[in-house]
Amino acid sequence: MRCYLHALLLCMVFAVFSVLYVFNQLPVASSFESQYEDGWTDRRTKKSSGRQPQFGAQDTGHIVRKGGGVPSLFDHQEHDKTREKPASASVQEATRDERIHLAVVACGPRLEETLTMLKSALLFSAKPLHFHIFAEDHLHGSFGESLDLWPSVFQTKFNYTTYPITFPSENAKEWKKLFKPCASQRLFLPLILKDVDSLLYVDTDILFLQPVEEIWSLLSFFNSTHLAAMAPEHEEPRIAWYNRFARHPYYGKTGVNSGVMLMNMTRIREKYFKNDMTSVPLKWVELLMPLLQKYKLNITWGDQDLLNIIFHHNPESLYVFPCQWNYRPDHCIYGSNCLEAEQEGVFILHGNRGVYHDDKQPAFRAVYEAIQKYTFGDNLVQSLLLPLEANLQETKHTYCGRASHMFTKRLKQSISILQQETIEGRSLVS
């Protein structure tokens, strides 16, 4: 009996200290949240409309605001330049309710890779896009100069906002060095973009092979508990990383990959998350810092590992989409293991591990270089598809090269649809 009492006492002491630890982090979280009370003010925006758009009640997009704010917890300098460019009234009208919000984080030598990703998003999409570009300060001017050089017919299809890389001043260095420089910025997007309801986050090494609105439409498949969507980290458990090496909880059988992440950020901000640090559910802003402190010595893939831990404890909150929405070298390096891509083609290509810039996976590099070298306005078949198919023929000595017909299957459909829409548009004008 005495042993049981000792065990019960130890459990109670452990529980008390766990609660004290978590609540000790809450003042930091509370002050972190308070900095956003007056909105995010440190940004530079380019809009493709001459007049300030009048957004509908359902639109939750960003409007530029200068001054104000509470920047005390952040170490950064303000960018307050706003540039606007005229656009047709029809595009301005469409922007009211139909914008797709796409976010990316770029640090280091990622400028050209990010611009190529944005180009692929713009090429096939019919709906207006808003790019939220989080980048180191020295890259902001280069992004603006490059995007402003894109042809006016394409500039009417998108707006963009550049933001500094910003973390809570307390533990900022720790967050910035987590896995890759600046990668963990994505964890704070729901807290920074407080006026944005839904968002598609992608890594810089993503290429869209079909319209962005296709993945955006997956939001309609969310049930009442879903607040984010990602693809599995692996399809084949025998070569999967998480189930063999992870020293922390992870989602499902093989974990999830956060390189393409669709979010209902309103739900993320509102939800109280179950966790293994306390019996008290925590809001997103309260959860991040204690989670990092508990697992920082056990995680390998940084913020992606933290997301896996969160959704391990809250599996009902995650919608898992198939592998063709986040197709990586792991899906073909040892032979094809993404059944959905074999059947329907690759929708989104993810060239992780730097494969766009080395010779390890020439099929991935061929797709990247084809889109990078394509000039806006040129014939997509002659200037993009045919050169790509020719280059892919030279990659058949690799497993991914033998599967490269999946890379062009959806791309061909996207080009065909775009050409048909162009023909129909011309016939209406005539």
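The values are calculated or read from the model by the stated rules, or taken from the named source; none is laboratory data. Nothing here was measured: the structure is a model prediction, and the numbers come from that model. Every residue, glycine among them, receives a Cβ derived from its backbone with ideal geometry; neighbour counts consider all protein chains shown. Side chains are part of the model used for accessible areas, which takes the heavy atoms of the whole protein and leaves out ligands, DNA and RNA. Shrake-Rupley method; radii C 1.70, N 1.55, O 1.52, S 1.80 Å.
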Exercise. So which residues in the range 141-167 are closer than 21 Å to residue 100 by Cα and among the charged types (D, E, K, R), if there are any at all?
Worked result: 148, 157
For this session: Output yes when any residue across the range 416-430 is free of Cβ contacts under 8 Å to residues at least 60 places away in the same chain, buried (at least 17 other Cβ atoms within 10 Å of the Cβ) and not assigned by the TED database to the domain that holds residue 114, and no when none is.
Result: no
Problem set entry | Qualifying residue in the range 353-367 (condition: closer than 27 Å to residue 261 by Cβ and aromatic (Phe, Trp, Tyr)) | yes
Exercise. Restricting the range 209-251 to residues that are within 30 Å of residue 416 (Cβ to Cβ) and in a loop (DSSP other than H, G, I, E, B), which is farthest from the chain's Cα centre (by Cα)?
Worked result: 235
Seminar exercise, completed: Pairs returned, first residue in the range 167-179 that is within 13 Å of residue 292 (Cα to Cα) and outside the structural domain of residue 189 (by the TED database), second residue that is at pLDDT below 75 and buried (at least 17 other Cβ atoms within 10 Å of the Cβ), beta-carbon separation under 6 angstrom, 6 or more apart or interchain, are none
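Right, residue 254: farther than 30 Å from residue 412 by Cα, assigned to a loop (DSSP other than H, G, I, E, B) and in contact with an Asp or Glu (Cβ under 6 Å, 6 or more places away or on another chain) or not? Give the derivation first.
Details: farther than 30 Å from residue 412 by Cα: yes; assigned to a loop (DSSP other than H, G, I, E, B): yes; in contact with an Asp or Glu (Cβ under 6 Å, 6 or more places away or on another chain): yes.
The answer is yes for residue 254.
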Exercise. With respect to residue 241, is the statement that it is farther than 30 Å from residue 99 by Cβ and aromatic (Phe, Trp, Tyr) true?
Worked result: yes
For this session: Could you please give the count of residues in the range 215-252 that are surrounded by fewer than 17 Cβ atoms within 10 Å (Cβ to Cβ) and among the charged types (D, E, K, R)?
Result: 4
Exercise. Within the range 323-366, which residues are in contact with a His (Cβ under 9 Å, 6 or more places away or on another chain) and open to solvent by 50 Å² or more (accessible area, probe 1.4 Å)?
Worked result: 365
